[in-house]
Amino acid sequence: MTTQSTRLDPPKRAGDGEEQRLIIQGGRPLSGSVNTGGAKNAVLKIMAAALLTKETSVLRNVPNLTDVEMMAGVIRHLGAKVTVGNGEVIINPRDVQEVEAPYELVSQLRASFVVLGPLLSRFKAAKVSLPGGCAIGERRIDLHERGLKLLGADVKIDHGYVYANATKLTGAKIYLDRPSNGATENIMMAAVLAEGQTVIENAAQDPEIVNLADFVNAIGGRIQGAGTYQITIDGVNIDDLHGATFDTIPDRLEAGTFMCAVMATGGEIVIEKVNPHHIYSLISKLQEMGAEISIYAPDTIKVKMVGRPRGAEIITLPYPAFPTDMQSPVMAVLASAEGTSIVSETIYENRFMQVGELRRMGADIAVKGNAAVIKGVPRLMGAEVKSPDLRASAALVIAGLGAEGITEVSGLSHLDRGYEKLEEKFRGLGASIWRR
Ligand code: EPU
């Protein structure tokens, strides 16, 4: 049992073998300024795209995350030389010969499935473990498979692996039944060294797709239209490709997490190194909920929250609509908002795993199918909670920051996959949050 107290000294660190936790003394308004790091969901794909060429690329503004280390492990396994550190990843893919990404690696980082496209493009062969489902949903790959087949690859699924082979890849028109990020990325990268033109219709339009296409163009690829529903890729030869030094975009989901936190605690913060264009749907929803948000400079926003947020209706949809990845963090705010809120999740089958944990903190949430009805309570109460997945762990931290008393969040391996030094950044904003 955690003893509630009004003051919290920095707790002792966990000993060997003990699970780390975040200990949060809630109820302190946030103030000050914070920087976001590079976008995890962009850098992982750009690391894969660096395999398209034989030359060395340097990626900058890279966050220090376990997911980045794991992706480095996957492409090292394929034969690339990879150095990670000081906000950079240097990738020398000249000696890549291996085209198999095994289960032990892909099962730890499902995003590494995206090596399929560049391997097939460069070597006309790839064997990549199926990533399988995950806690938040089924996460199918049928659209990846269909797109690569339309480019002329023979794609088979056998004993848990995707085998893709081609004597030649040829540009094609590919319509995606839904704008999947992963399918857009794999097909876009496979088409870079195909013969002729590929057009992806109903492509994902997310900023991370644009960043990936910009990288491919920086190394000599020819991609147009990224960021719209139609992406055109004109095939080039491998000798046209070269290395590049390239900056990753800021992490819009990290910025969104800080925005939600100040809504839960009250206060005023400035978020630097953020691209407001990437988070308009979130800005607009948080304004409706009562936040005062101003865009200061091209990469700086100020968020001020006075009093209790108002409840809202939210539906997650593909970009540029409200992002599924912000659904759990915003629910943590709605849990203590005035009035009743409805949140509908349309991207994943099972992304309400934070609900049970928020209920432990006093939230009144009922889930029916893909909708959650949240009756805002005046204040959440600190409790011991366990992170079930990455964005749910951010939700629990936000809830803890706004709650009365002490919250202990365990299951931090999820948080560390996608947030760099989150507790340090929150301490810089005046929060009492410690890892032990
Ligand atoms: N889908 C299919 N068929 C496919 C591909 C996808 O039915 O062939 C379905 C999936 O089952 C899922 C939905 O489409 O229900 C969306 O999948 P998508 O392919 O767009 O997602 P992803 O590429 O696997 C990325 C992010 C996720 C983010 C989604 C949606 C990375 C590493 N992951 O996943 O981020 O939720 O796009 O925006 O970029 C996170 O950061 O916490 C996270 C889960």
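Every number here is computed from the coordinates shown, using simple stated rules; none is lab data. All figures in this text were calculated on a predicted structure; none of them were measured in a lab. Cβ atoms come from the backbone with ideal geometry, glycine included; neighbour counts cover every protein chain shown.
Computed about its Cα centre, the charge dipole of the chain is approximately 540 debye, with only Lys, Arg, Asp and Glu carrying charge at their Cβ. For the chain, the longest principal axis of the C-alpha atoms and the axis of helix 207-218 are separated by about 30°. Label the range 296-407 by shape, choosing from rounded, prolate and oblate, from the square roots a ≥ b ≥ c of the eigenvalues of the Cα gyration tensor; if a/c is under 1.5 it is rounded, and otherwise prolate applies when a/b is larger than b/c, oblate when it is not. In terms of gyration-tensor shape, rounded. Between the range 114-151 and the range 301-357, the alpha-carbon centres lie 31 Å apart. Separation of the alpha carbons by more than 25 angstrom is noted, of LYS285/LYS386; LYS81/LYS386; LYS40/LYS81, for LYS285/LYS386; LYS81/LYS386. Seen against the Cα atoms of the chain and their longest principal axis, helix 390-402 is set at about 20 degrees. Distance between the pseudo-spin-label points of LEU317 and TYR103 (7 Å out from Cα toward the beta carbon): 4.0 nm.
Candidates GLY171, ALA204, ASN237 compared by Cα position along the dipole of the range 157-256: farthest toward the positive end lies GLY171, with charges placed on Cβ. In the distance distribution for the range 221-334, Cα-Cα pairs more than 16 Å apart total 65 percent. What is the calculated FRET efficiency for THR340 to ARG76, with r their C-beta to C-beta distance and R₀ = 35 Å, to the nearest 0.05? According to the calculation, E is roughly 0.10. Using the alpha carbons alone, the radius of gyration of the chain stands to its Kirkwood radius in an Rg to Rh ratio of 0.98.
What the Cα convex hull of the range 40-247 gives, in volume per residue, is 100 Å³. Selection among ILE342, ALA383, VAL192 by position relative to the dipole of the chain gives ALA383 as farthest towards the positive end (Cβ unit charges, Cα centre). Rounded to the nearest 5, the antiparallel percentage of DSSP beta bridges internal to the chain is 70%.
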